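First the structure, in the form of structure tokens, and then the observations on it.
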């Protein structure tokens, strides 16, 4: 009897460990650490980061301030108002109602940082190649060390593709926009349900 109780307690501990473990996630982004070159060659935008920038601004891989690996995304505006720079990637195969998490790490060596950050998801329909809607811009202020940004959004009706965007802009700065921001280790995930390795049926079979 004592051995049966010990076996039951062991099984219960295993079940508790499995049921309280962190959910499994799968990053849907390609090149999340910007170790491979970003592109500037137009569509398709699936499978790589596409950089964009206006006059007086730049977007590209940088080895100056990576969080991990040897490169990060570097975005700069050099004393220029009303311009922008950023990178985006398209993630296909989504289903309306899915809850998605867009997160990553960013920092700036610029003090003061005279530009604004805009992070968003643009929901699109891949068949019509049109935008369905977009999230409001997340506008955090990067610090002098890497800090994490993250937000959660639900895939809307009519969308099956997400365009994840990280950008900087000087439309809201005065008189000039100036500064550099580095971005690294980004992810776009949907929470997966972890499989239970132990069931109550198995526990009962151990006890009985």
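Each reported figure results from applying straightforward, stated rules to the coordinates on display, with no laboratory input. Just so it is clear, the model here is predicted, and its values are computed rather than measured. So basically every Cβ, Gly included, is an ideal-geometry build from the backbone, and we count neighbours across all protein chains shown.
Below is a table of values for the structure above.
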| quantity | calculated |
| --- | --- |
| Calculated FRET value between residue 101 and residue 41, using beta carbons and R₀ = 30 Å, to 0.05 | 0.55 |
| Space enclosed by the convex hull of the alpha-carbon atoms of segment 24-192, per residue, Å³ | 107 Å³ |
| Principal axis box of segment 59-156, alpha-carbon based, largest edge first, Å | 42, 31, 21 |
| Inter-label distance for residue 150 and residue 63, nm, one decimal - labels placed 7 Å from Cα along Cα-to-Cβ | 3.2 nm |
| Cβ-based exposure ranking for 168, 141, in which fewest neighbours within 10 Å come first | 141, 168 |
| For segment 148-172 and segment 27-76, distance of Cα centres in Å | 16 Å |
| Within segment 61-77, backbone nitrogen closer than 16 Å to the virtual label 7 Å beyond the Cα of residue 143 toward Cβ | 67 |
